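S.K.: Below is one structure. I have some questions about it.
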Amino acid sequence: MKTKKSLAKEEAAPRLNFKTSWTYQPALESTAPARIAGRYELFIGGKFVAPAGGKYFPTINPATESKLSEVAEAGEKDVDQAVRAARAAKEGAWGRMPAKERGKYLFRIARMIQERSRELVVTETLDGGKPIRESRMVDIPLAANHFFYYAGWADKLEYAFPARRARPVGVAGQIIPWNFPLLMAAWKIAPALAAGNTVVLKPAETTPLSALKLAEIIQEADLPPGVVNVITGAGATGAALVAHPGIDKVAFTGSTEVGKNIQKAIAGSGKRCTLELGGKSAHIIFEDAALDQAVEGIVDGIFFNQGHVCCAGSRLFVQESVAKQVIRRLRDRMETLIVGDPLDKNTDIGAINSKPQLEKIESYVKAGLAEGASCYQPECALPKKGYFHRPVLFTDVAQSHRVSQEEIFGPVLAIQTFRTIEEVVEKANNTPYGLAGGVWSDKGAKVFSVTSQLRAGVVWANTYNKFDPTSPFGGYKESGLGREGGLHGLAPYLELS
Ligand code: ADP
């Protein structure tokens, strides 16, 4: 327990000058392993085919603004072809295949992701702008783990749901965003196939490449044609997939706005739906927490990967007695963050995924200032080209400010203080969202009491952003519908009777 005197001493202590303590030499990953082709077609019925409309769109590297490749734009005809191929596979080879054999295909995909991991890691970083450290440590290994995990369930569904008959739902239309492109594809495809469904997947328009490489893996793994189809395009392609009468289930991860549109589009159609939407997740730091550990968790939760995480801890509530210290330590830590080339393994904050996203973040920073919040940013230099944003800390934030209410999806943290548990629970829950949260305290009873009062799908204690294929993930309120991961993630792909 820290006394008032020791806290005051700590406050007055000279600040470390991290900037001049050391610098790292650049440690750039080569782009060669990515092996990106000049053009990618649609993957329908086990083959790469040109789009009916003959249209292609570029995908660019947000860190350099240079074109990486061009990909096919799927129109309604292509969507129809893909759904038909998925239906034929469901009623054909895949539907008849013994569950144990299905599982073997999933194991094969998992192993092939591991074999091609370097290629996928570099591709993910080039196409999305995320730091290579994250692609290598999180995205690609977790994507393989999801296939491994669900491969194990394929022939054990009667144990997963005892005394119930589990049948596949049919054809799933799956739409994913740009923040974890391959991982989101794995989250969607692995449980669907383990449960015996077939799928049509649409990756985000700014990050289509890793899903297309996954299509190559699926082709090489020799899955029966049509079990997995990958169609590229923007919102109109996604909307055509959702509206297609041949799909039985929609699985969507993305913005709350599009999630609401999808719900409207399928209302009354009998299509099933799971939605993983936006968030405005809260960290709560109590005065008895290990503060350095908490600060590291906050930094990881909002600044690493540019805040491009649906469960980003974008709001921070600090107990008033330690607020000054926490803010100071956060600022010191922010000074050390390296913003820059995502291919450099030293980089903490890479490129913002697209120009519109960068503009959105900038407009929120302006809104925060206009509403009266105080803003702090470290003085780091940004690369001349590409979409980059320095991390931002807002203090003097009111509960009504847009920066503490709306999802920004960037490296922007809004801090408020609190005195009592009742106060912080009320403040943390006072948002339309409910995806995740983090509680930092040394007292187990306090942690359990607070986590059980938070209306959020996942609440971490004394850590943040930890993922595992066996744990369900999903939201309350406007953060979504249903769960992905674990046994919970299998259920939406099954008719249970
Ligand atoms: P974000 O704000 O994260 O870009 P979006 O919800 O706009 O999220 O995009 C997530 C995914 O949804 C992308 O693959 C995008 O192409 C797709 N999408 C966008 N609009 C629609 C729509 N009206 N119907 C279906 N899918 C859509």
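S.K.: Could you please state how large a percent of the accessible area of the chain is carbon and sulfur, counting protein chains only and using a 1.4 Å probe? Show your work: numbers first, answer last.
M.R.: Values: 10750 of 20190 Å².
That fraction is 53 percent.
S.K.: Let me ask something else about it. Please give the per residue accessible area of the stretch 227-282, computed with a probe of 1.4 Å over protein heavy atoms only, in Å². Can you show the working numbers first?
M.R.: Numbers: 1850 Å² over 56 residues.
Averaged over the residues of the stretch 227-282, the accessible area is 33 Å².
S.K.: Still on this model: Under 29 Å from the Cα of Lys100, which lysines turn up, not counting those fewer than eight places away in the same chain?
M.R.: Lys47, Lys90, Lys156, Lys188, Lys202, Lys213, Lys249, Lys271
S.K.: Same structure, new question: Output ³J(HN,Hα) for the stretch 24-32: one whole-Hz value per residue in order, computed from phi by the Karplus curve 6.51 cos²θ - 1.76 cosθ + 1.60 with θ = phi - 60°, and x for Gly and Pro.
M.R.: Each residue of the stretch 24-32 in turn: 9, 5, x, 9, 7, 7, 6, 7, 4 Hz.
S.K.: Starting from the stretch 371-466, pick out the GluC sites (Glu not before Pro) whose DSSP state is loop and whose Cβ has at most 10 other Cβ atoms within 10 Å.
M.R.: Values: sites: Glu371, Glu379, Glu406, Glu407, Glu422, Glu423, Glu426; in loops: Glu371, Glu379, Glu406, Glu407.
The qualifying sites are Glu379.
S.K.: Sticking with this one: Lysines near Lys427 by alpha-carbon distance under 18 Å, same-chain residues fewer than 8 away left out - which ones?
M.R.: Counting by Cα, and skipping residues close in sequence, Lys427 has these lysines nearby: Lys280, Lys446, Lys477.
S.K.: While we're on this one: At what distance in angstrom do the alpha carbon centres of the stretch 362-428 and the stretch 21-46 lie from each other?
M.R.: Using only Cα atoms, the two centres lie 32 Å from each other.
S.K.: Tell me, what is the 1.4 Å probe accessible area of Lys202, in Å² to the nearest 10?
M.R.: 10 Å²
S.K.: Right, another one. Restricting attention to the alpha-carbon atoms of the chain, what are Rg (one decimal) and Dmax (integer), both in Å?
M.R.: Cα-based Rg and Dmax for the chain come out at 23.0, 74 Å.
S.K.: Still on this structure: Within the set Lys67/Lys384; Lys366/Lys466; Lys55/Lys130; Lys324/Lys443; Lys130/Lys260, which residue pairs have Cα atoms separated by over 24 Å?
M.R.: On the way: Lys67/Lys384 17 Å; Lys366/Lys466 32 Å; Lys55/Lys130 28 Å; Lys324/Lys443 21 Å; Lys130/Lys260 28 Å.
Correct reply: Lys366/Lys466; Lys55/Lys130; Lys130/Lys260.
S.K.: Among the aspartates and glutamates, select those whose C-alpha is under 15 Å from the C-alpha of Lys355, and discard any that sit fewer than 8 residues away in the same chain.
M.R.: Leaving aside aspartates and glutamates fewer than 8 places away in the same chain, those within reach of Lys355 are Glu65, Asp127, Glu205.
S.K.: Moving on to the next point. With r as the distance between the Cβ atoms of Lys77 and Phe48 and R0 = 22 Å, compute the FRET efficiency 1/(1 + (r/R0)^6) and round to 0.05.
M.R.: The formula returns an efficiency of 0.85 here.
S.K.: List every residue whose amide H lies under 5 Å from the amide H of Glu495, counting only residues 5 or more places away in sequence or on a different chain, with H placed 1.01 Å from N in the peptide plane.
M.R.: The list, which skips near neighbours in sequence, is Arg167, Val169.
S.K.: So if a site counts as exposed when it's one of the chymotrypsin sites (Phe, Trp or Tyr not before Pro), its DSSP state isn't H, G, I, E or B, and it has at most 11 other Cβ atoms within 10 Å, what's the longest stretch of the chain without one? Walk me through the intermediate numbers first.
M.R.: Details: sites that count: Trp22, Tyr24.
In the chain, the maximal stretch lacking such sites is 25-497.
S.K.: Once amide H atoms are built 1.01 Å from N in the peptide plane, which residues 5 or more positions from Ile284, or in another chain, come under 5 Å H to H?
M.R.: Correct list: Phe317, Gly438, Val439, Trp440.
S.K.: Another question about this same structure. Among the trypsin sites (Lys or Arg not before Pro) within the stretch 421-494, which fall in a DSSP loop and have no more than 14 other Cβ atoms within 10 Å of their own Cβ?
M.R.: Numbers: sites: Lys427, Lys443, Lys446, Arg455, Lys466, Lys477, Arg483; in loops: Lys443, Arg455, Lys466, Arg483.
Answer by residue number: Lys443, Lys466.
S.K.: If the stretch 279-468 were replaced by its equivalent ellipsoid, with semi-axes equal to the square roots of 5 times the Cα gyration tensor eigenvalues, what would those be, largest first, whole Å? Don't jump to the answer; show the numbers that get you there.
M.R.: Values: eigenvalues 134, 59, 49 Å².
Taking √(5λ) for each Cα gyration eigenvalue gives 26, 17, 16 Å.
S.K.: With θ taken as phi - 60° and the coefficients 6.51, -1.76 and 1.60, list the Karplus ³J(HN,Hα) couplings across the stretch 465-482 in order, rounded to whole Hz; mark glycine and proline as x.
M.R.: With the stated coefficients, the stretch 465-482 comes to 6, 9, 10, 8, x, 7, 9, x, 9, x, x, 9, 6, 7, 8, x, 9, x Hz.
The values are calculated or read from the model by the stated rules, or taken from the named source; none is laboratory data. This is a predicted model, so every value here is computed, not measured. Reconstructed Cβ throughout: ideal geometry from the backbone, glycine too, with neighbour counts over all protein chains shown. Side chains included, ligands, DNA and RNA excluded: accessible areas come from the protein's heavy atoms. Shrake-Rupley method; radii C 1.70, N 1.55, O 1.52, S 1.80 Å.
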